[in-house]
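Written below as C-alpha cells is the structure these notes are about.
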Amino acid sequence: MKESKTITEKIKELEEKANWFSSDEFELDQAKEKYDEAIKLAKELQKDLTELKNEIEVLSEDFSK
Amino acid sequence: MENNCLTPTQFLGILNDTFALQFDSIVIEGEVASFKINQGKWVFFDIKDEESNVSCFMAVWELRMPIEDGMKVVVKGTPKMTKWGKFSFTVSNIKPVGEGSLKKSFELLKKKLEEEGLFNPERKREIPKGLTKIGVISSTQAAGYADFIKILNERWGGLSVKVAHTQVQGLEAPDQIIRALRYFNEHAEVEVIAIIRGGGSMDDLSAFNDERLAREIAASKIPVITGIGHEVDETLADLVADVRASTPSNVAEYLTLDRGAIMTHINYMVNNAGENILRKVNMEKNVQNDKISQIKNVVLTKIANYERELSEKIRLLDALNPEKVLKQGYAILSGDLSLGNVVKITTFKKELKAEIKEINERK
C-alpha cells in the first residue's frame, strides 16, 4: 500500500510544480494541466495544515522522588 | 532509677530518633556565619538571627550554590546530636534568599562555570529542523506552560509532546528537573528538551541557578532549549542550554513552523504560477501579433510595388496611344503611297481622302 506523503514532502512537491511555471521547461500546452495539479495539491495541503493536531502527553512518572 | 539508666549511645539514639520523628524536615531561614569547608568534603557553618544561632553541617556535594558568610539563606534539614554530644543541624538543601544573596551566589557560580567553559558557543548544538518529538519540563499548572502549549498548537501540529511535570521553583525544583532531564535522556525518544517557566522574582527563578542542574543540562545528550522568565531574566540554566529563548512562548515559536505563514506561502506559489501562465500567454500573443504584423507589411509592400510598376506601365502605354499623337496635331497617312493613288489621312477629329500628285525624295 502506498504511504501517504508528509506535509514537508507535499510542500516540496508543490514548490517543484510552482517552479516549473517560471522555468525553461514551461510549455503553454501543458500549463493548464500542471496548474490544475498545483491547485489540487495546494488545497490538499491547506486541509492537512488545518486538521493537523499535536499529541500532548503528560508523563505519569513522579519526578518528586 | 537504675532500670531507666541508659548508655550515652542509647540516649543519643533515642534523642535522634525523637528528632527524626518530630522534625522530619525543618526549613530555617537566617544569615550564614563561620562558613568553612573541611578536607574538601564537609561543610560547617552557623545560621543565625539577632538572638540565636544554629550550627549546621552538610556534605560538600550537597552544596548546590556558592555560599559565603553574610548571605541570607534557607536551609532544609534535620536536627541531630553527634556522638560527641554536640548539636548539629544536618542540612540536605541550602539556597540563598533575598536579592543581594541571590545575585552574589549567581555571580560566583557563573564565574566558576564560565571558567570551566560550560557557556562556550562551540558547545552549543543546533536544534534539529522539522521536529516531531519534543520533551517538555515544566509545571503543568504554570502560566508559562499554558502559553507554550497555546502557541505550539496555534503554530503547528502533528507533534508528539511528552511533558514531565515538575516543580519549577523552591528547594525541590532543581532535583525534580534533573530527574526529568535524566528520564528524557534515558527513556524517551525526543529530539529536543524544552525547559519552561514563566516570569517571577529572582528568588522564584533561583532554582535555575542550581549548579547540579546547570551541569546536568550541559551533559544532556539531547539538545536543550530554555524559556525561563522574561527577556531580561538570565539564569545559569539559560547560559548552559544549547538555545536560550526569551520566554516559554518564544520556545514554541523557535521549535515550530508557522502554519499561517506556510498557507500564505502556498497561496503565493499558486498565484504566482497563475500569473506566470498569463504572462507567458501574453508573451505568446505578442509574438503571434508581431508575426501577423510582419506578414501584413510584406504583403502591403508587395502590393505597393505592383501598383507602382503597373502605374509606370500604364503611363508608358498611355504615351504610346495614337489618339494622343493625333491630339497633338499629327495625322496618320494610310494606303498605297504611289503617284495618282488615293490615300486616307486621319487627324484627331477628321478622316480625309487625298490623291498623290507628286512624290519627291526628302533631302
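Structure data summary
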| quantity | calculated |
| --- | --- |
| In segment B:101-159, residue farthest from B:I225 (Cα to Cα) [restricted to those that are within 11 Å of chain A (Cβ to nearest Cβ), part of a helix (DSSP H, G or I) and open to solvent by less than 20 Å² (accessible area, probe 1.4 Å)] | B:L152 |
| Sole exception among (1) free of Cβ contacts under 8 Å to residues at least 40 places away in the same chain; (2) farther than 19 Å from B:E172 by Cα; (3) surrounded by 13 or more Cβ atoms within 10 Å (Cβ to Cβ); (4) hydrophobic (A, V, I, L, M, F, W, C) for B:L6, by number | (3) |
| Total residues in segment A:30-65, condition at the interface with another protein chain (Cβ under 7 Å from one of its Cβ atoms) and not in a loop (DSSP other than H, G, I, E, B) | 12 |
| Conditions (1) among the charged types (D, E, K, R); (2) under 21 Å from B:E126 (Cα atoms); (3) within 13 Å of chain A (Cβ to nearest Cβ): number failed by B:D175 | (2) |
| Residue within segment B:205-219 that is within 20 Å of B:G170 (Cβ to Cβ) and part of a loop (DSSP other than H, G, I, E, B) present | yes |
| Residues that are in contact with a Pro (Cβ under 9 Å, 6 or more places away or on another chain) and open to solvent by 20 Å² or more (accessible area, probe 1.4 Å), drawn from segment B:188-215 | B:E191, B:D203, B:E211, B:R212 |
| Failed condition for B:K296, given (1) basic (K, R); (2) free of Cβ contacts under 8 Å to residues at least 12 places away in the same chain; (3) surrounded by 19 or more Cβ atoms within 10 Å (Cβ to Cβ) | (3) |
| Filtered residues of segment B:198-216 (kept if modelled with pLDDT under 95 and under 22 Å from B:V161 (Cα atoms)) | B:G198 |
| Odd one out for B:K162, checked against (1) of a type in the set (K, R); (2) touching a Leu at 6+ places or on another chain (Cβ under 7 Å); (3) closer than 29 Å to B:I67 by Cα | (3) |
| Residues (among the hydrophobic types (A, V, I, L, M, F, W, C) and in contact with a strand residue (DSSP E or B) (Cβ under 7 Å, 6 or more places away or on another chain)) located in segment B:6-30 | B:L12, B:L15, B:F19, B:A20, B:F23, B:I26, B:V27, B:I28 |
| Of all residues in segment A:6-22 being of a type in the set (S, T, N, Q) and facing chain B (nearest Cβ under 7 Å), the one that is nearest to A:D36 (Cα to Cα) | A:S22 |
| From the options B:A164, B:A188, residue that is within 11 Å of chain A (Cβ to nearest Cβ), closer than 21 Å to A:K65 by Cβ and assigned to a loop (DSSP other than H, G, I, E, B) | B:A188 |
| Qualifying residue in segment A:7-29 (condition: at pLDDT below 95, under 30 Å from B:I137 (Cα atoms), among the polar types (S, T, N, Q) and assigned to a loop (DSSP other than H, G, I, E, B)) | no |
| Considering residues of segment B:85-100 that are closer than 20 Å to B:D238 by Cβ and either without any contact (Cβ under 8 Å) to a residue 40 or more places away in the chain or touching a helix residue (DSSP H, G or I) at 6+ places or on another chain (Cβ under 8 Å) (or both) only, the residue least open to solvent (accessible area, probe 1.4 Å) | B:P96 |
| Number of the condition not met by B:S52 [criteria: (1) buried (at least 17 other Cβ atoms within 10 Å of the Cβ); (2) free of Cβ contacts under 8 Å to residues at least 12 places away in the same chain] | (1) |
| Filtered residues of segment A:28-65 (kept if open to solvent by less than 70 Å² (accessible area, probe 1.4 Å) and closer than 17 Å to B:E154 by Cα) | A:L45, A:Q46, A:D48, A:L49, A:L52, A:N54, A:I56 |
| Of all residues in segment B:184-204 being closer than 15 Å to B:G170 by Cα and charged (D, E, K, R), the one that is farthest from the chain's Cα centre (by Cα) | B:D203 |
| Residue check for B:Q169: closer than 18 Å to B:L236 by Cβ and outside any helix (DSSP H, G or I) | yes |
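Yes or no, residue by residue, for (1) under 22 Å from the mean Cα position of the chain (by Cα); (2) surrounded by fewer than 12 Cβ atoms within 10 Å (Cβ to Cβ):
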| position | (1), (2) |
| --- | --- |
| B:D238 | yes, no |
| B:N250 | yes, no |
| B:E253 | yes, no |
| B:T256 | yes, no |
| B:T264 | yes, yes |
| B:M269 | yes, no |
| B:M283 | no, yes |
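Residues are listed down the side, and each one gets a yes or a no for (1) outside any helix (DSSP H, G or I); (2) polar (S, T, N, Q); (3) farther than 30 Å from A:K10 by Cβ:
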| residue | (1), (2), (3) |
| --- | --- |
| B:G199 | yes, no, yes |
| B:H230 | yes, no, yes |
| B:R244 | yes, no, yes |
| B:A252 | no, no, no |
| B:L257 | yes, no, no |
| B:H265 | no, no, no |
| B:R279 | no, no, no |
| B:N282 | no, yes, yes |
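The values are calculated or read from the model by the stated rules, or taken from the named source; none is laboratory data. The structure displayed is predicted, hence computed values, not measured ones. Don't worry about glycine lacking a Cβ; one is built from the backbone with ideal geometry, like all the others, and counts go over all protein chains shown. Heads up: the accessible areas ignore ligands, DNA and RNA and are worked out on the full protein's heavy atoms, side chains in. Shrake-Rupley method; radii C 1.70, N 1.55, O 1.52, S 1.80 Å.
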